[in-house]
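Q: Below is the structure I would like to discuss, written out as structure tokens.
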Amino acid sequence: MAYWPHLYLLIFVLVLWVLEKRFPTFMERLEENLLVLVISSIMIVSFGQVIARYAFNTGWIAALEFNTVMFSWLILLGMSYGIKTGIHLGVDILLNAVPRPLMKFLSLVGAAGAMLYGLILLDSTWLAMLGVDVRGGAIEYWYKMWRIGLGQEELRYPAFMVEMFDLKPRVHRWLVLVILPISLALLSYRSLQAFWAIATGKRDMLISGHEAQDLVEENKGALKD
């Protein structure tokens, strides 16, 4: 397998790190807006299908596949965003029951585990150095789709793009699946950031295990008004 996808992902992460250092507010809004755009596209297509089906007895044949793809993108992008913002729910009863130094150690183990999980799913071939007989990962799978050039089942390019760029009608599967290596690279990167934040005392843990308690505290005086 070629290693240029690994290089591009590394460059992507480095560029992201630089941009977030220079333009933190803009990059945060950009990531949030991307997620909003994905959610909005699902809502618009679903609503449009209902109107088209029941009002005009027609519809977009690729609507189900489009929404399935967008839901996948939403989940995969949401993994890293949840770690970045600390909104992943988890059980923190053990972390709160142990002394703070041990709590910090366990939180570091959790962040390291999340990073390792992302790296293994991204490309597991590096485990061969540890004597583990395994291969494959998101990069290899994406590269195989890119090399073969398979298309999606229902999604089609617009007619003007087919004519202008001499494309096959079906949307390339590698274009849809590019989110796999990108999202797993982001997951590993955000986990590394969380690890450093926990190690330097800027963050307590990887998860948000007491969201309900925080909401109660924030709104406990609302009924008095």
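The values are calculated or read from the model by the stated rules, or taken from the named source; none is laboratory data. Here the structure is a predicted model, which means the values were calculated and not measured. Ideal geometry is used to build each Cβ from the backbone, glycine not excepted, and the neighbour counts take in all protein chains shown. Ligands, DNA and RNA are stripped out before the accessible areas are found, and what is left, the full protein with its side chains, is counted by its heavy atoms. Shrake-Rupley method; radii C 1.70, N 1.55, O 1.52, S 1.80 Å.
Q: Mind listing whichever residues of the stretch 155-187 are touching a residue at least 24 places away in the same chain (Cβ under 8 Å), in a helix (DSSP H, G or I) and closer than 21 Å to Ala63 by Cβ?
A: Once the filter is applied, which keeps residues that are touching a residue at least 24 places away in the same chain (Cβ under 8 Å), in a helix (DSSP H, G or I) and closer than 21 Å to Ala63 by Cβ, the stretch 155-187 yields Arg173, Val176, Leu177, Ile179.
Q: Within the stretch 13-120, which helices (runs of 4 or more DSSP H) (wholly inside it) include 2 or more residues that are under 19 Å from the mean Cα position of the chain (by Cα) and farther than 20 Å from Leu177 by Cβ?
A: Answer list for the stretch 13-120: 24-56, 63-85.
Q: Still on this structure, please answer the following. Do you know which of the residues in the stretch 1-24 that are over 16 Å from Ser188 (Cβ atoms) and surrounded by 13 or more Cβ atoms within 10 Å (Cβ to Cβ) is modelled with the highest pLDDT?
A: Per the criteria, the residue is Leu19.
Q: So Ala62 passes all but one of these: (1) in contact with a strand residue (DSSP E or B) (Cβ under 8 Å, 6 or more places away or on another chain); (2) of a type in the set (A, V, I, L, M); (3) more than 27 Å from Trp174 (Cβ to Cβ); (4) open to solvent by less than 60 Å² (accessible area, probe 1.4 Å). Which condition number does it fail?
A: Among (1) in contact with a strand residue (DSSP E or B) (Cβ under 8 Å, 6 or more places away or on another chain); (2) of a type in the set (A, V, I, L, M); (3) more than 27 Å from Trp174 (Cβ to Cβ); (4) open to solvent by less than 60 Å² (accessible area, probe 1.4 Å), Ala62 violates only (3).
Q: Continuing with the same structure: Just a yes or no: is a residue in the stretch 148-171 closer than 20 Å to Leu7 by Cα and at pLDDT 90 or above?
A: no
Q: Could you grab the pairs with beta carbons closer than 6 Å, sequence gap of 6+ or different chains, first residue in the stretch 39-53 and touching a residue at least 40 places away in the same chain (Cβ under 8 Å), second one surrounded by fewer than 14 Cβ atoms within 10 Å (Cβ to Cβ)?
A: Within 6 Å, no pair qualifies.
Q: Right, next: What number goes with the only condition from (1) aliphatic (A, V, I, L, M); (2) more than 19 Å from the chain's Cα centre (by Cα); (3) surrounded by fewer than 16 Cβ atoms within 10 Å (Cβ to Cβ) that Met145 does not pass?
A: (3)
Q: Name, by its number, the condition in (1) at pLDDT 95 or above; (2) assigned to a loop (DSSP other than H, G, I, E, B) that does not hold for Arg190.
A: Among (1) at pLDDT 95 or above; (2) assigned to a loop (DSSP other than H, G, I, E, B), the lone unmet condition for Arg190 is (2).
Q: Could you list, in sequence order, all residues of the stretch 80-93 that are more than 15 Å from Ile39 (Cα to Cα) and either in contact with a helix residue (DSSP H, G or I) (Cβ under 7 Å, 6 or more places away or on another chain) or open to solvent by less than 30 Å² (accessible area, probe 1.4 Å) (or both)?
A: Selection gives Ser80, Gly82, Ile83, Lys84, Gly86, His88, Leu89, Gly90, Asp92.
Conditions tested, residue by residue: (1) open to solvent by 60 Å² or more (accessible area, probe 1.4 Å); (2) out of contact with any Gly (no Cβ under 9 Å at 6 or more places or on another chain).
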| site | (1), (2) |
| --- | --- |
| Glu153 | yes, yes |
| Arg173 | no, no |
| Leu177 | no, yes |
| Ile182 | no, yes |
| Ala199 | no, yes |
| Ser208 | no, no |
